[in-house]
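S.K.: Sending over a structure as structure tokens; questions will come in a sec.
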Amino acid sequence: MCLKQCKSSGESKKVTFEKQWFYLDNVIGHSYGTTFEVTSGGSLQPKKKKEEPTSETKEAGTDNRNIIDDGKSQKLTQDDIKALKDKGIKGEEIVQQLIENSTTFRDKTEFAQDKYIKKKKKKYEAMITVVKPSTRILSVMYYAREPGKINHMRYDTLAQMLTLGNIRAGNKMIVMETCAGLVLGAMMERMGGFGSIIQLYPGGGPVRAATACFGFPKSFLSGLYEFPLNQVDSLLNGTFSAEMLSSEPKDSASVEESNGTLEEKQTSEQENEDSMPEAPESNHPEEQETMEIVSQDPDSKEPKERGNRKDYIQEKQRRQEEQKKRHLEAAALLSERNADGLIVASRFHPTPLLLSLLDFVAPSRPFVVYCQYKEPLLECYTKLRERGGVINLRLSETWLRNYQVLPDRSHPKLLMSGGGGYLLSGFTVAMDNLKADPSLKSSTSTLESHKTEEPAAKKRKCPESDSTFQKLL
């Protein structure tokens, strides 16, 4: 699979990563997994594989006990290394000169030498490998760099959620998450574009920054629906209507900006709208935006710019109508109350969320709740036991430890994760209707009376056997 250019832009976009900056123009057309070398000017050039000579024997020491790390073993200074970079010398040659000017390199063991070379290559060789985005890559990246955005959910915990939730193609799933769209993207990747997902979101709109990083085709988005969390109670009570959606504030521009899909042109126009003087209050937000535009000096704007602004407002209104239509479709799917599973991973307290959303799940279906702390899940566990309608409740925490697997030096790593969150999982069952049927209740009471009388009859036999035993004596 090759990389394709989705949008044509006039200027190349500058990307900064790991203290390196470069342009992605030369990446288009190459397959995933290709390694590039950052050359002068930020240009990327494919790196050709070179066969390393294996016949040469390295001169290495037996142990490192006599090596003293006093900072004086390297003859090259930082100024010398900077001068080499300014001359345009490649990273491989800089690493080779560092090895030659090190007084302790030959005294290190072979393992220590490989570790030294690997460390210097990472620092001085500007190599970039383009990989295809996946759930594992994105979850590892978010957990290492920005764990707060995904509620400190570790990648193995996310894998447990997908397994316990029985995420598969053709399912009808409900998800409520505040993990920047990472859980949603993982579910979409596993379902492969088959089935439907209903995302419940708080605030003005769903945040899908991580979902956009997967690069899903448009066919995957056809089965993705969204519904505001503040309308769930009205949907359960049967008082939901389309007018409730039209009365909600529309802030789709800010949501798209957080998802990384808003173009720079629209962003600048939105900033201009924010800097305009406020117009008198109106019942229609579209009319208010039009009044704000007209209130400006018409001579300060060219006709072309005003036309672009008008097209932008019409496009925004069209998106709002399409969003309202998708909300109604999501409400219809939720009203069927036959979802195949429920996934909750949010920063809110899980108990009220789970107790409300379980009504939309069909019987004999799994549900999984994630929380960074176990105390909210313990309360949720207790409430579910009191409510009933669930079985096989399980509160778990995954223990993870990484291992280094290398020839003659495989061992568990010294540093490990302290915790990746907790999971509460279970299955829904049909609620018992004994209270509604008096005949079932009476039969149940009769059975209970028989059960209570049976141990009493056994107790009456004990004194008779004791008296018989005394007569025999």
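S.K.: Out of all the residues in the range 91-108, which are open to solvent by 30 Å² or more (accessible area, probe 1.4 Å) and assigned to a loop (DSSP other than H, G, I, E, B)?
M.R.: Selection gives Asn101, Thr103, Arg106, Asp107, Lys108.
S.K.: When the residues of the range 344-375 are narrowed to those that are open to solvent by 60 Å² or more (accessible area, probe 1.4 Å) and hydroxyl-bearing (Ser, Thr, Tyr), which ends up farthest from the chain's Cα centre (by Cα)?
M.R.: Ser364
S.K.: List pairs: first residue in the range 17-34 and within 24 Å of Lys85 (Cα to Cα), second residue open to solvent by 70 Å² or more (accessible area, probe 1.4 Å) anywhere in the structure, Cβ distance under 6 angstrom, at least six positions apart or on different chains.
M.R.: Partner pairs satisfying both residue conditions: Trp21/Lys14.
S.K.: Any idea how many residues of the range 65-81 are β-branched (Val, Ile, Thr), touching a residue at least 40 places away in the same chain (Cβ under 8 Å) and open to solvent by 70 Å² or more (accessible area, probe 1.4 Å)?
M.R.: So the count comes out to 0.
S.K.: Looking only at the range 326-360, count how many residues are assigned to a strand (DSSP E or B) and touching a Pro at 6+ places or on another chain (Cβ under 7 Å).
M.R.: 2
S.K.: Looking at the range 149-199 only, could you name the residues that are more than 9 Å from the chain's Cα centre (by Cα) and among the basic types (Lys, Arg)?
M.R.: Arg154, Arg168, Lys172, Arg190
S.K.: Right, here's the next one. Among the residues in the range 391-402, are any of a type in the set (Val, Ile, Thr), closer than 26 Å to Gly421 by Cα and modelled with pLDDT of 95 or more?
M.R.: No, the range 391-402 contains no residue that is of a type in the set (Val, Ile, Thr), closer than 26 Å to Gly421 by Cα and modelled with pLDDT of 95 or more.
S.K.: Could you say whether any residue in the range 395-410 is surrounded by 11 or more Cβ atoms within 10 Å (Cβ to Cβ) and over 25 Å from Ile150 (Cα atoms)?
M.R.: no
S.K.: Say we look at the range 109-141 and pick out the residues that are of a type in the set (Val, Ile, Thr), part of a loop (DSSP other than H, G, I, E, B) and surrounded by 14 or more Cβ atoms within 10 Å (Cβ to Cβ); which of these is nearest to the chain's Cα centre (by Cα)?
M.R.: Selected residue: Val130.
S.K.: Kindly establish whether Ile343 is closer than 22 Å to Val207 by Cβ and modelled with pLDDT of 85 or more.
M.R.: In short, yes.
S.K.: Search the range 336-354 for residues that are of a type in the set (Lys, Arg) and pair each with any residue that is in a loop (DSSP other than H, G, I, E, B) and open to solvent by less than 30 Å² (accessible area, probe 1.4 Å) when their beta-carbon atoms are under 8 Å apart and the residues are at least 6 apart or on different chains.
M.R.: Every condition considered, the pairs that remain are Arg337/Ala362; Arg347/Asn151; Arg347/Thr178.
S.K.: Continuing with this model, one more query. Any idea which of Glu110, Glu189 is of a type in the set (Asp, Glu) and either at pLDDT 85 or above or in contact with a Phe, Trp or Tyr (Cβ under 8 Å, 6 or more places away or on another chain) (or both)?
M.R.: Glu189
S.K.: Scan Pro438, Pro376, Pro363 and give me the residue that is over 29 Å from Tyr142 (Cβ atoms) and modelled with pLDDT of 90 or more.
M.R.: Pro363
S.K.: While we're on this one: Pick out the one residue from Glu386, Glu315 that is open to solvent by 80 Å² or more (accessible area, probe 1.4 Å) and either in contact (Cβ under 8 Å) with a residue 12 or more places away in the chain or of a type outside the set (Gly, Ala, Ser) (or both).
M.R.: Glu386
S.K.: If you don't mind, there's one more thing I want to ask. Name the residues in the range 361-409 that are among the β-branched types (Val, Ile, Thr), out of contact with any Leu (no Cβ under 9 Å at 6 or more places or on another chain) and assigned to a loop (DSSP other than H, G, I, E, B), would you?
M.R.: The answer is Val405, and nothing else.
S.K.: Looking only at residues that are in a loop (DSSP other than H, G, I, E, B) and closer than 20 Å to Val140 by Cβ in the range 208-227, which one is nearest to the chain's Cα centre (by Cα)?
M.R.: Arg208
The values are calculated or read from the model by the stated rules, or taken from the named source; none is laboratory data. Note that the coordinates shown come from a computational prediction; the quantities given were computed from them, not determined experimentally. As a convention, Cβ positions derive from the backbone with ideal geometry for all residues, glycine included, and neighbour counts pool all protein chains shown. Quick note on the areas: whole protein, heavy atoms, side chains included, nothing else; ligands and nucleic acids left out. Shrake-Rupley method; radii C 1.70, N 1.55, O 1.52, S 1.80 Å.
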